[in-house]
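Structure first, commentary second.
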Amino acid sequence: MAFDFAYGIIGDAIEIEQYTGDESIVSIPETIEGKKVTSIKKYAFKECRGIVEVVLADSIESIGSHAFYNCRRLEKITLSDRAADIGDGAFKNCDELRAVCMNREIKKSGCIKGILEEINHEIVFDFLYRDEENGEKNARILFPKYMYQYNENTSAKVVCQETLGSGMHYRECMNPDDVDYKRYDDNFRVAMALESEKTAQEIAINRLMYPYQLSKEADEKYRQYIEKNLIAILNRFISEEDMERIEFLGTLNMFREDNIDELLEIAYRSEKPAVTGYFMDYKHKNFRREEKRFEF
């Protein structure tokens with residue numbers, strides 16, 4: 001079987017040394033020549049500006065320094081948390097990398113930390129947890145952006161560094177094994193103060209849709225936020241025709257008899273037939289008025 005990689009054999013393992021193809025979606029196999037692929041060499045994918053998505057086999061344990069340097073169109077990467085050894089600059093200048101899908105195999109946080117140390121813009125992680133007792137569970141969490149601002153104190157002749165945004169607060173929500181979900185949820189007050197409405201909305205809706213280790217207190221906090229900002233949230237979801245999330249809000253009982261007509265009007269004015277049809281059906285099923293009957 002031919003591969004678009006140059007690779008080397010190190011003992012009983014394979015190391016990917018260089019990508020030689022031109023595909024937009026690249027998958028690295030678990031085995032080559034009957035040997036496990038366990039590492040990606042430094043600079044292996046540097047300047048591969050046509051790559052949009054990379055899928056790494058769960059066998060990958062290390063990603064070398066600057067491995068994906070200047071992959072400026074890279075948007076998504078799928079990998080396992082076994083890839084805990086991530087070299088310096090592995091994702092440097094990957095400005096479009098916004099999505100990470102991660103299989104939680106060994107329940108260690110090194111891989112998550114390694115990626116977050118490279119990325120300061122907003123990024124979403126989808127985690128798949130596997131548990132023999134509870135089966136498979138999903139989590140989706142957004143890490144907001146952060147920036148550094150440098151202010152000169154002329155009189156003291158020093159330059160002070162200031163961190164902007166809530167991203168650093170969220171990146172500190174890690175323990176050796178996993179995301180500290182309680183601490184993550186506690187940071188929502190910071191996100192509401194420092195982030196855009198869209199970012200705060202995404203954090204809240206993701207946690208409710210994928211409530212992994214979500215406490216009752218945090219659940220209630222996110223619900224209250226969504227209810228308070230329901231019209232703004234729905235305006236965005238309707239314009240994007242995001243039926244999955246609109247229907248999810250319906251399961252939260254956010255659509256009531258006192259607001260369903262307003263929501264119908266928003267959907268109608270947006271000229272989105274599928275959304276309008278959904279709200280009409282919702283109203284008919286949930287708020288149908290019983291006809292008055294008269295006995296003679």
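The values are calculated or read from the model by the stated rules, or taken from the named source; none is laboratory data. Quick caveat, the model's predicted, so the values are computed rather than measured. When we count neighbours, we look across all protein chains shown, and the Cβ atoms used for this are built from the backbone with ideal geometry, even at glycine. Calculation scope for accessible area: heavy atoms of the full protein, side chains included, ligands and nucleic acids excluded. Shrake-Rupley method; radii C 1.70, N 1.55, O 1.52, S 1.80 Å.
I need the peptides 107-118, 172-183 ranked by packing, meaning the mean over residues of other C-beta atoms within 10 angstrom, with the highest value on top.
Values: 107-118: 18.4, 172-183: 15.1.
Peptide ranking by packing, descending: 107-118, 172-183.
Given R₀ = 22 Å, what would the calculated FRET efficiency be for ILE231 paired with ALA193, taking r from the Cβ atoms and rounding to 0.05? Provide the component values of the computation, followed by the final result.
Values: r = 21 Å, r/R0 = 0.96.
Taking R0 as 22 Å, the efficiency between ILE231 and ALA193 is 0.55.
Cα-Cα over 29 Å: which of LYS198/LYS285; LYS42/LYS107; LYS92/LYS137; LYS107/LYS228?
Working: LYS198/LYS285 31 Å; LYS42/LYS107 25 Å; LYS92/LYS137 31 Å; LYS107/LYS228 36 Å.
In this structure, LYS198/LYS285; LYS92/LYS137; LYS107/LYS228 lie more than 29 Å apart at Cα.
Given a 1.4 angstrom probe, what's the average accessible area per residue across the chain, in square angstrom? Mind dumping the intermediate values first?
Numbers: 16660 Å² over 296 residues.
For the chain, the per-residue accessible area is 56 Å².
Rounded, prolate or oblate: pick one for the chain, where a ≥ b ≥ c are the square roots of the eigenvalues of its C-alpha gyration tensor, a/c under 1.5 means rounded, and failing that, prolate if a/b is larger than b/c, else oblate. Mind dumping the intermediate values first?
Working: a/c = 2.25, a/b = 1.64, b/c = 1.37.
Because a/c hits 1.5 or more and a/b exceeds b/c, the chain counts as prolate.
Once every DSSP H run of n ≥ 4 in the chain is given -39500 (n - 2.57) and the sum is divided by its residues, what mean residue ellipticity at 222 nm do you get, rounded to the nearest 500 deg cm²/dmol? Write down the numbers at each step before the final one.
Working: 10 runs with 94 residues, N = 296.
Helices in the chain give a 222 nm mean residue ellipticity of -9000 deg cm²/dmol.
Tell me, what HN-Hα J-couplings in whole Hz come from the Karplus equation 6.51 cos²θ - 1.76 cosθ + 1.60 at θ = phi - 60° for each residue of region 5-21, using x for Gly and Pro?
Along region 5-21, the couplings run 9, 9, 9, x, 9, 10, x, 9, 10, 10, 10, 6, 9, 7, 8, 10, x Hz.
Can you list which of the GluC sites (Glu not before Pro) found in region 193-243 are DSSP loop residues with at most 13 other C-beta atoms within 10 Å?
Details: sites: GLU195, GLU197, GLU202, GLU217, GLU220, GLU227, GLU240, GLU241; in loops: GLU195, GLU240, GLU241.
In loop regions of region 193-243 (DSSP not H, G, I, E or B), the sparsely surrounded GluC sites (Glu not before Pro) are GLU240, GLU241.
For the chain, give the percent of accessible area contributed by carbon and sulfur heavy atoms, probe 1.4 Å, rounded to a whole number.
Working: 7450 of 16660 Å².
Of the solvent-accessible surface of the chain, carbon and sulfur hold 45 percent.
Show me the ranking of peptides 97-106, 39-48 by mean Cβ neighbours inside 10 Å, starting with the highest. Please list the in-between numbers first.
On the way: 97-106: 18.1, 39-48: 21.0.
Final packing ranking: 39-48, 97-106.
Non-local amide H neighbours of LYS36 (under 5 Å, H modeled in plane, Pro and chain starts lacking H): which ones?
Here ILE14 satisfy the definition.
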